[in-house]
Amino acid sequence: MARSKRGIPEINAGSMADIAFLLLIFFLVTTTMDVDSGISTKLPPWEPDVNEPPPPIKQKNLFTVLVNANDQLLVEDEYADIEDLRLLAKKFLDNNGDGTCNYCQGAKDPTSSDNPNKAIISLQNDRRTSYKVYIAVQNELVGAINELRDELAEKKFGKPYDELNEEDQKEVSKAYPQKISEAEPLNL
């Protein structure tokens, strides 16, 4: 018997590259990518060569908040809890020390801020402050400003701040501006 000399049949692999490419495109299109989101903070516009010194700030118009490496707060040179920070910030911002604010309802303490437009909150933290406490302090400070804006919006327009039109929101924001100064972290 004679053996046939047939070759081993080969598989046509010409379309394998096309199939692999289509699978790659499919997985790239259908896969979701995790996007890290950070803290939304609006930074002031960059100005090159600003040589003029900042205007002088009275110490009584500066509300200082320090956070150390042990996550303890020092507010106006006294220890405080995060739970008390919002109330302390509201009292400072709404003080009306100089009597020029007709919508403020504060105690009119002459040793505290003159009015909300002159009041500045200064926040400084240690490099080893936990992220959780840093965010909590930020939330309380911004929350204090938002509560004052809501109260004024309710008093003046009968609606919460979020429901006001853009023009009215600007008016309320101008009455209680968000002036939070963050200094570079230190080793406190």
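The values are calculated or read from the model by the stated rules, or taken from the named source; none is laboratory data. Everything numeric in this text was worked out from a predicted model, so none of it was measured. As a convention, Cβ positions derive from the backbone with ideal geometry for all residues, glycine included, and neighbour counts pool all protein chains shown.
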I'd like to know if the range 123-133 contains one or more residues that are in a loop (DSSP other than H, G, I, E, B), out of contact with any Ser or Thr (no Cβ under 6 Å at 6 or more places or on another chain), buried (at least 16 other Cβ atoms within 10 Å of the Cβ) and in contact (Cβ under 8 Å) with a residue 24 or more places away in the chain.
yes
So, Phe27, is that one surrounded by 10 or more Cβ atoms within 10 Å (Cβ to Cβ) and among the aromatic types (Phe, Trp, Tyr) or not?
no
Here are the criteria: (1) within 20 Å of the chain's Cα centre (by Cα); (2) closer than 18 Å to Ser173 by Cβ. Tell me which single one Leu87 does not satisfy.
(2)
Just give me the residues in the range 71-82 being without any contact (Cβ under 8 Å) to a residue 40 or more places away in the chain and at positive phi, in sequence order.
Glu76, Asp77
I'd like to know if the range 98-107 contains one or more residues that are within 24 Å of the chain's Cα centre (by Cα), part of a loop (DSSP other than H, G, I, E, B) and either closer than 30 Å to Leu186 by Cβ or among the aromatic types (Phe, Trp, Tyr) (or both).
no
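Residue-wise test of (1) closer than 23 Å to Asp98 by Cα; (2) touching a helix residue (DSSP H, G or I) at 6+ places or on another chain (Cβ under 7 Å); (3) at pLDDT 95 or above.
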{"position": "Ser112", "(1), (2), (3)": "yes, yes, no"}
{"position": "Asn117", "(1), (2), (3)": "yes, no, no"}
{"position": "Ile121", "(1), (2), (3)": "yes, yes, no"}
{"position": "Thr129", "(1), (2), (3)": "no, no, no"}
{"position": "Lys132", "(1), (2), (3)": "no, no, no"}
{"position": "Asn139", "(1), (2), (3)": "no, no, no"}
{"position": "Lys155", "(1), (2), (3)": "yes, no, no"}
{"position": "Pro160", "(1), (2), (3)": "no, yes, no"}
Considering Gly158, Gly143, which residue is on the phi > 0 side of the Ramachandran plot and either surrounded by fewer than 16 Cβ atoms within 10 Å (Cβ to Cβ) or in contact with a Ser or Thr (Cβ under 8 Å, 6 or more places away or on another chain) (or both)?
Gly158
From (1) assigned to a loop (DSSP other than H, G, I, E, B); (2) of a type in the set (Ser, Thr, Tyr); (3) in contact (Cβ under 8 Å) with a residue 60 or more places away in the chain, pick out the condition that doesn't hold for Ser181.
(1)
Over the range 83-114, the set of residues touching a residue at least 24 places away in the same chain (Cβ under 8 Å), farther than 19 Å from Ile180 by Cβ and buried (at least 20 other Cβ atoms within 10 Å of the Cβ) is Gly97
Can you tell which of Leu43, Leu66, Leu74, Leu24 is at pLDDT 90 or above and under 19 Å from the mean Cα position of the chain (by Cα)?
Leu66
Can you name the residue in the range 174-188 that is within 18 Å of Pro116 (Cβ to Cβ) and not hydroxyl-bearing (Ser, Thr, Tyr) and, of all such residues, is surrounded by the most Cβ atoms within 10 Å (Cβ to Cβ)?
Ala175
Residues of the range 161-173 satisfying the condition of being surrounded by 18 or more Cβ atoms within 10 Å (Cβ to Cβ) and either assigned to a helix (DSSP H, G or I) or within 19 Å of the chain's Cα centre (by Cα) (or both)
Tyr161, Val172
Do you know which residues across the range 2-21 are surrounded by 10 or more Cβ atoms within 10 Å (Cβ to Cβ) and modelled with pLDDT under 85?
Met16
